[in-house]
Amino acid sequence: MLDNAAYFESGGVIPWSIGSQATAVAYSNGTTDPANSGTTSMKVTKAAGNTGALCVNAVDAIPAAASTSYVLTFGLYTSAAGVTFNVNLEYYTAAQAFVNSVVTTTASAVQGSGSPLDNQYWTQYPAYSFTTPATTAFLRLNVQRVAGLTTGDFVFIDNVFVGRLLVPKGQLVMPQSMNRAATR
């Protein structure tokens, strides 16, 4: 599906772009900027606007199957205090026509500190489970600030993951070799 953990290591942020809450989306510098894993992440600079997204991915960047369960998670880092954020999931048809959107659960970011910025302060967005509508062919993610950032503040995003749920929620699947009854 989508796993940008390695993608931000490749030296670019395409297919991501700025939303109305940002003035820039860029590749982090790999030295003083934090990375959740590897050495780089996506760096977003907050604009003066208070509505809309910090960053968005291209409409056709995340192919998705109709009526299918997925999970979304990512890491977020900010040096600002009291930051809360969520994601607006948008669903599109194969012709890239808008179908519907859902706003995910709001999460609070841990305030990072240090110079260079200390990697221990990444906030992992809690895994958000969702099922795509019947006509979905693509997903678009709009990472949104709910509260806490001011103009010029930075937000770093890394390890964006959207994937299928292969194990039903709340169930543990054990390999046959670990199932004691199978060895008797």
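For region 15-152, which whole percent of the accessible surface, found with a 1.4 angstrom probe, sits on carbon and sulfur atoms?
On the way: 3000 of 5640 Å².
Of the solvent-accessible surface of region 15-152, carbon and sulfur hold 53 percent.
Rounded, prolate or oblate for region 32-78? Axes are the square roots of the Cα gyration tensor eigenvalues, ordered a ≥ b ≥ c, and the cut-off for rounded is a/c under 1.5.
Numbers: a/c = 2.47, a/b = 1.39, b/c = 1.78.
In terms of gyration-tensor shape, oblate.
Given charges of +1 on the Cβ of Lys and Arg and -1 on the Cβ of Asp and Glu, with all other atoms neutral, how large is the dipole of region 1-157 about its Cα centre, in debye to the nearest 20? Numbers along the way, then the final one.
Working: 4 positive and 7 negative charges, 49 e Å.
With only Lys, Arg, Asp and Glu charged at Cβ, the dipole is about 240 debye.
The values are calculated or read from the model by the stated rules, or taken from the named source; none is laboratory data. Being a predicted model, the structure only gives us computed values, none of them experimental. As a convention, Cβ positions derive from the backbone with ideal geometry for all residues, glycine included, and neighbour counts pool all protein chains shown. Remember, those area values only see protein heavy atoms, side chains included, never the ligands or the DNA or RNA. Shrake-Rupley method; radii C 1.70, N 1.55, O 1.52, S 1.80 Å.
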